[in-house]
2 protein chains.
Amino acid sequence: MENAETGPVLRVPAREIPIPVGLSPQAQAQLAHPGPANPEWPPLDDVDAWRAVVARMDEGGLAGLRMMADQVEADVEEIDVDGVRVHVITPRDVVDDAVYLEVHGGALLWGGGQSCAAMGRIMAGLVRAKVWAVDYRMPPDHPYPAGVDDCLTAYRALLREHPPERIIVGGASAGGNLAPAMVLRARDEGLPLPAAVVLMTPELDLTESGDTFSTLLGVDTALTSRLMPANLLYAGGHDLTDPYVSPLFGDFTKGFPPTFLQSGTRDLFLSNTVRMHRALRSAGIAADLHVFEAATHVMFMFAPEAEDRTRELRAFVDGRWGRGNDGPGSAADR
Amino acid sequence: MENAETGPVLRVPAREIPIPVGLSPQAQAQLAHPGPANPEWPPLDDVDAWRAVVARMDEGGLAGLRMMADQVEADVEEIDVDGVRVHVITPRDVVDDAVYLEVHGGALLWGGGQSCAAMGRIMAGLVRAKVWAVDYRMPPDHPYPAGVDDCLTAYRALLREHPPERIIVGGASAGGNLAPAMVLRARDEGLPLPAAVVLMTPELDLTESGDTFSTLLGVDTALTSRLMPANLLYAGGHDLTDPYVSPLFGDFTKGFPPTFLQSGTRDLFLSNTVRMHRALRSAGIAADLHVFEAATHVMFMFAPEAEDRTRELRAFVDGRWGRGNDGPGSAADR
């Protein structure tokens with residue numbers, strides 16, 4: 001069938017999608033009670049309305065983040081790194097000098113401050129290492145490239161204290177945009193690459209050209225709309241296909257660290273994730289893909305599926321950090 | 001929302017899904033002109049109608065298969081292996097004693113005979129090795145366990161001529177059911193495991209419990225309906241959750257070979273594929289997942305995406321066969 005504006009389209013009728021029985025009861029319960037929908041997006045020039053969206057999203061998410069963060073025994077310190085605020089989270093049982101540079105999520109708009117510190121603390125528990133959580137500047141006051149600049153400032157500072165092979169850089173959602181954007185910038189500016197990159201349901205393509213932006217719209221109950229207004233506010237007039245804005249379009253043949261990628265079959269960013277996996281491997285970069293059954297943009301919490309994800313993530317970072325926990329490894333190894 | 005029969009459901013409105021612009025022009029053209037829909041399924045006891053379905057599907061697919069198969073320079077021989085017909089395909093440029101046991105697709109009903117030989121020849125070109133294509137018995141005359149029995153007979157015969165580390169077992173679609181079912185049977189009967197298993201858009205779960213059986217129904221233009229009538233005909237009254245009938249439910253902690261898995265974001269069997277990947281890795285089995293953007297149950301042909309898949313598959317089998325082509329490897333390796 002044809003649509004005059006978009007060319008050929010596939011017409012899919014309305015459907016009732018049940019909760020798959022192959023999930024754990026905990027994950028099934030989570031799918032039955034999805035969280036709140038995405039906010040309404042204000043007009044691009046209504047700065048006050050954007051500020052209100054950011055405040056409301058931060059307020060709505062903080063209690064849940066804190067509950068999870070409080071389960072991680074850690075020392076937390078806020079430092080100034082060449083003008084960039086960084087939350088340094090050191091788990092009480094940290095055993096080595098490995099460090100994880102965490103770039104928080106939040107649609108490139110929210111998730112700063114206390115939310116950033118809480119997400120960093122959760123990540124410190126997952127990877128069992130010291131975390132530097134970058135509290136990068138965001139729109140509406142600070143569009144691109146402020147966020148990438150701040151992440152790069154933090155990475156440069158880390159490199160003064162740690163050899164690059166002790167540093168892993170990662171992020172979820174919007175953090176899965178800024179983290180690889182910063183790594184591409186670092187590479188292009190001649191800095192050494194970190195030991196690895198972790199991308200969880202990553203917002204790699206601000207043009208939203210992936211298939212699942214269409215096929216899973218309405219199926220993902222965590223990310224309930226496209227994010228184009230937020231993307232345009234963030235880009236501030238810059239080309240959305242610039243690799244520092246949409247790292248999916250980077251040239252990985254020039255080098256990129258080994259990369260861990262995670263998504264779900266209901267994740268609006270599934271296409272982002274699998275396209276990045278293909279782009280990396282086509283360029284000869286080692287990259288491992290993990291897709292979780294029926295997981296939306298937000299991974300199941302307090303469910304066996306989450307434990308499986310944690311086990312996989314730990315095997316990856318422990319392997320890269322030489323901690324002697326390599327997991328099942330790749331099937332291609334002989 | 002609730003549905004009295006199935007519990008909570010997600011209501012997704014009707015949609016127009018465009019062809020994603022991130023694909024190659026060749027792949028976009030293929031999505032714009034999908035093939036014929038699945039056949040209407042006859043009543044289970046109408047044997048003649050099932051035979052007619054099988055004949056029509058074989059006839060419809062053979063010309064395309066032959067066109068691709070003819071591109072592979074190979075010697076083809078039909079042999080009888082302890083009562084099982086096997087097509088032995090030896091590429092002219094084959095360089096070593098590696099052998100690939102190919103289990104053909106076709107909804108567990110069709111794809112035998114000339115189609116089986118053609119699929120085996122295509123596979124020989126992909127993996128650049130001698131292929132044994134098992135022409136296993138099928139319904140309506142030969143339901144489960146005939147197909148698994150025949151694959152096991154062929155594997156036993158191969159083991160008399162080849163050490164297990166020279167044998168890779170694989171299949172697409174229905175072949176991705178029988179191949180791992182046979183490997184589970186072989187393991188349980190004390191036979192040595194092959195070097196690896198290759199599963200392409202595999203029909204691992206005849207109960208069809210995966211999420212994408214719902215979320216991608218109507219989105220996958222190659223596999224346009226569920227296959228339950230065919231599954232029931234094949235199972236012939238056996239429990240669909242038996243691991244030899246639905247290998248997804250196997251106990252992989254007892255051992256399974258390193259496994260390559262491939263699917264697409266529009267593949268009705270995406271859940272089958274990612275659930276198997278998780279099940280294997282949770283059991284400590286090395287397994288690599290590759291998901292292709294917008295690919296349906298049938299992979300793009302004559303497109304760069306297909307070349308990418310071939311390169312990935314070759315890196316995998318060459319690595320397992322010790323041919324010195326290991327590809328980018330796993331990101332977890334240090």
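Quick note: the coordinates plus some simple rules give every number you see, no bench work behind them. What you are looking at is a predicted structure, and each value in this text was computed from that prediction instead of being measured. Reconstructed Cβ throughout: ideal geometry from the backbone, glycine too, with neighbour counts over all protein chains shown.
For A:LYS254, the point set 7 Å out from Cα toward Cβ sits 5.3 nm from its twins in the other copies, listed from shortest up. Just checking the listed ones, B:ALA63, B:ALA172, B:ALA74: in the Gaussian network model of chain B with Cα springs under 10 Å, the one fluctuating most is B:ALA63. Only the Cβ atoms of Lys and Arg (+1) and of Asp and Glu (-1) were treated as charged; on that basis the dipole of the range B:44-320 about its Cα centre amounts to roughly 520 debye.
Count the DSSP beta bridges whose two residues both fall in the range B:44-320, then state the antiparallel fraction as a percent rounded to the nearest 5. Taking every DSSP beta bridge within the range B:44-320, about 30 percent pair in antiparallel fashion. Summing charges over all other residues whose Cβ lies under 14 Å from the Cβ of A:PHE213, with Lys and Arg as +1 and Asp and Glu as -1, gives -3.
Under 11 Å from a label point set 7 Å out along the Cα-to-Cβ vector of A:GLU307, no amide N atom of the range B:270-295 is found.
Per-residue mean of foreign Cβ neighbours for A:208-220 is 6 (Cβ atoms of other chains, 10 Å radius).
Under a point spin-label approximation (7 Å from Cα along Cα-to-Cβ), what is the A:GLN26-B:GLN114 distance to one decimal in nm? The modelled label-to-label distance comes out at 5.6 nm. A point 7 Å from Cα along Cα→Cβ stands in for A:ASP239, and the other copies hold the same point at 6.0 nm, listed in rising order. Between the beta carbons of A:ASP97 and B:GLU189, assuming R0 = 56 Å, the FRET efficiency works out to 0.65 to the nearest 0.05. For the range B:208-223, 3J(HN,Hα) computed residue by residue from phi via the Karplus equation (6.51, -1.76, 1.60; θ = phi - 60°) reads 6, 8, x, 5, 6, 4, 9, 5, 10, 5, x, 8, 6, 8, 9, 10 Hz, glycine and proline entered as x.
Computed on chain B, with alpha-carbon pairs under 8 angstrom and 6+ residues apart, the relative contact order is 16 percent. Each of the peptides B:33-40, B:185-192, B:226-233 was scored by the mean count of other Cβ atoms within 10 Å over its residues; in descending order, highest first, they stand as B:226-233, B:185-192, B:33-40.
Using only Cα atoms, figure out Rg for the protein assembly as shown and give it as a multiple of 2.2 N^0.38 Å. Don't skip to the end; give the middle numbers.
Working: Rg = 25.1 Å, N = 668, 2.2 N^0.38 = 26.1 Å.
Ratio of Cα Rg to 2.2 N^0.38 Å: 0.96.
Shielding value for A:68-74 is 0, the average number of Cβ atoms from other chains within 10 Å of each residue's Cβ. Label-point distances for B:ALA32 to the equivalent site in the other copies, using a point 7 angstrom along Cα→C-beta, read 4.6 nm when ranked shortest first. Residues whose amide H comes within less than 5 Å of that of B:THR224, counting only those at least five positions distant or on another chain, are B:ASN38 (H built at 1.01 Å from N in the peptide plane). Modelled spin labels at A:ASP141 and B:ASP48, positioned 7 Å past Cα toward Cβ, are 8.1 nm from each other. Considering only A:GLY237, A:ALA179, B:VAL169, and ranking their Cα positions along the charge dipole of the protein assembly as shown that arises from unit charges at the beta-carbon of Lys, Arg, Asp and Glu, the one farthest toward the positive end is B:VAL169.
Over the range A:66-138, calculate the relative contact order: mean separation of alpha carbon pairs under 8 Å at least 6 apart, over the residue count, as a percent. Please list the in-between numbers first.
On the way: 137 pairs, mean separation 29.3, N = 73.
Relative contact order of the range A:66-138: 40 percent.
Remark: spin-label model distance B:ARG160-A:HIS238 equals 6.7 nm, labels positioned 7 Å along the Cα→Cβ axis. With semi-axes defined as the square roots of five times the eigenvalues of the C-alpha gyration tensor, the equivalent ellipsoid of chain A measures 28, 24, 22 Å, largest first. Closest approach of any chain A Cβ to the axis that rotates A onto B belongs to A:SER330, 1, distance given in whole Å.
Structure remark: mean-square fluctuation, Gaussian network model of chain B, C-alpha springs under 10 Å; the largest value among B:SER209, B:SER225, B:SER263 belongs to B:SER209. Helices in the protein assembly as shown, meaning DSSP H runs of at least 4 residues, each add -39500 (n - 2.57). Divided by all residues, the mean residue ellipticity at 222 nm is -11000 deg cm²/dmol.
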